[in-house]
Amino acid sequence: MEVSAIFLISCGLVTLIMLLVLSRPHQLRWDKKLGLWLSNVWQWWQDLQEDIECAPLEQKLNELVKRRWDVAERLLKAQKLRSPNQKRKWYLEKVIYDLKRGR
């Protein structure tokens, strides 16, 4: 499924949720619910974009470790401990770079 199709589907879901939220204002103020929901949708969208960016890198790492994903996860975890607060793409690139250099 294309990213634009996923975006359109998510917009439709946002609209549906907005209608549901607006139909029950007595439970929680609709603006708070809407704000919470929109922040969740935004986070979901960012996670989706990151997954799309990282998929080829994960495949490359998987090939480098001969399809032993447990080894790849261990290398990623070790790199996260050495360099905290980076994006997943950065960790994948760093581990791939180190594997290619023979570290």
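The values are calculated or read from the model by the stated rules, or taken from the named source; none is laboratory data. The shown structure was predicted, so the numbers you read here are calculated from the model rather than taken from an experiment. Neighbour counts are summed over all protein chains in view; Cβ atoms, including those assigned to glycine, are modelled from backbone coordinates with ideal geometry.
Does Gly102 satisfy the condition of being modelled with pLDDT under 90, more than 23 Å from the chain's Cα centre (by Cα) and small (Gly, Ala, Ser)?
Considered against the rule, which asks whether it is modelled with pLDDT under 90, more than 23 Å from the chain's Cα centre (by Cα) and small (Gly, Ala, Ser), Gly102 comes out as yes.
Take the residues in region 49-103 that are of a type in the set (S, T, N, Q) and part of a loop (DSSP other than H, G, I, E, B), then tell me which one is surrounded by the most Cβ atoms within 10 Å (Cβ to Cβ).
Gln86
Quick one: is Glu93 among the acidic types (Asp, Glu), closer than 30 Å to Cys11 by Cα and in contact with a helix residue (DSSP H, G or I) (Cβ under 7 Å, 6 or more places away or on another chain)?
no
Taking region 76-90 on its own, how many of its residues are among the aliphatic types (A, V, I, L, M) and more than 19 Å from Asp51 (Cβ to Cβ)?
Of the residues in that region, 2 qualify.
Looking at this structure, is Asp31 at pLDDT below 95, within 30 Å of Gly102 (Cβ to Cβ) and either assigned to a helix (DSSP H, G or I) or touching a Phe, Trp or Tyr at 6+ places or on another chain (Cβ under 8 Å) (or both)?
It is false that Asp31 is at pLDDT below 95, within 30 Å of Gly102 (Cβ to Cβ) and either assigned to a helix (DSSP H, G or I) or touching a Phe, Trp or Tyr at 6+ places or on another chain (Cβ under 8 Å) (or both).
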